[in-house]
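K.L.:
Let me begin by handing over the structure; questions about it come next.
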Amino acid sequence: MATPRVPGDDIGTFELPCGTEIDPRDIDLGMREYDCSCGETHAVVTDVHPPSRFFPESFVAVLEETIEVEDEFESFGTPHLLGVTLEEFPEEVASYDAADDGSVGYTLVWVTDFDSRRLHEIVVELVIELMDHAMSHAGDDQAISQFERQMLEFDVEAFVEEYRREREFETEHDQAL
């Protein structure tokens, strides 16, 4: 018979990509970076962070409408963005499943070897790769050429810089533009 858990029970530790182990309760919902004892700053993303952390709401809506998911999530979102990142960088991303721990406020958390700005750039780059792959199957040479021209002009670093500046929220009710 399973033993019921009591708040405050030891839930174990979570190993970060750098090898440091932390208590999952050290990560709170508002955290975007973790200043690690290894001396580095790691990006932190939880499943409750909206994809608008990385992209404007209008673009998120397009992703949600366009990408079909066949999992427990209703639509394409943050878990998928970090899943792609984990797949591409398995040694630089650690994930922790807290589904059985009601004391943390999240179900999944990802901590990366990169800081939050670099993670943002990586997520944008990976979504562009997904879009490029999808366009290659479009069968419309003109659309493919137009997309490729637009991507040559797209500056990931400039986008991330501007978006991060624009999404600086004043209150808990603000949303990304």
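Taken together, the values in this text are just the output of simple stated rules run on the coordinates, not laboratory data. Bear in mind that the values here come from a model prediction, so they are computed numbers and not experimental data. Heads up, the Cβs are rebuilt from the backbone with ideal geometry, glycines too, and the neighbour counts pull from every protein chain shown.
K.L.:
Most fluctuating residue of ALA138, ALA43, ALA98 in a GNM of the chain with Cα springs under 10 Å: which is it?
P.N.:
ALA138
K.L.:
A follow-up question, please. Pick out which of GLU162, GLU33, GLU125 has the largest mean-square fluctuation in a Gaussian network model of the chain, springs linking Cα atoms closer than 10 Å.
P.N.:
The residue that fluctuates most here is GLU162.
K.L.:
Given +1 on the Cβ of Lys and Arg, -1 on the Cβ of Asp and Glu, and no further charges, what dipole in debye does the chain carry about its Cα centre, rounded to the nearest 20?
P.N.:
Taking the Cα centre of the chain as origin, the dipole is about 260 debye.
K.L.:
Projected onto the charge dipole of the chain (+1 at Lys/Arg Cβ, -1 at Asp/Glu Cβ, origin at the Cα centre), which of PHE55, GLY83, ALA94 gives the Cα projection farthest towards the positive end?
P.N.:
Final value for the positive-end residue is PHE55.
K.L.:
List the relative contact order of region 10-80 as a percent without decimals, with contacts defined as Cα pairs under 8 Å and 6+ residues apart.
P.N.:
18 percent
K.L.:
Separate question: Classify region 61-134 from the C-alpha gyration tensor, please: rounded if a/c falls under 1.5, else prolate or oblate depending on whether a/b exceeds b/c.
P.N.:
oblate
K.L.:
Which label marks the calculated value of Rg and Dmax of the Cα atoms in Å, given the options (1) 18.5, 56; (2) 16.0, 48; (3) 18.1, 63?
P.N.:
Step by step, Rg and Dmax of the Cα atoms in Å for this structure corresponds to label (3).
K.L.:
Sort 111-121, 52-62 by packing, meaning the average of other beta carbons within 10 Å per residue, with the highest value first.
P.N.:
The packing order, highest mean first, is 111-121, 52-62.
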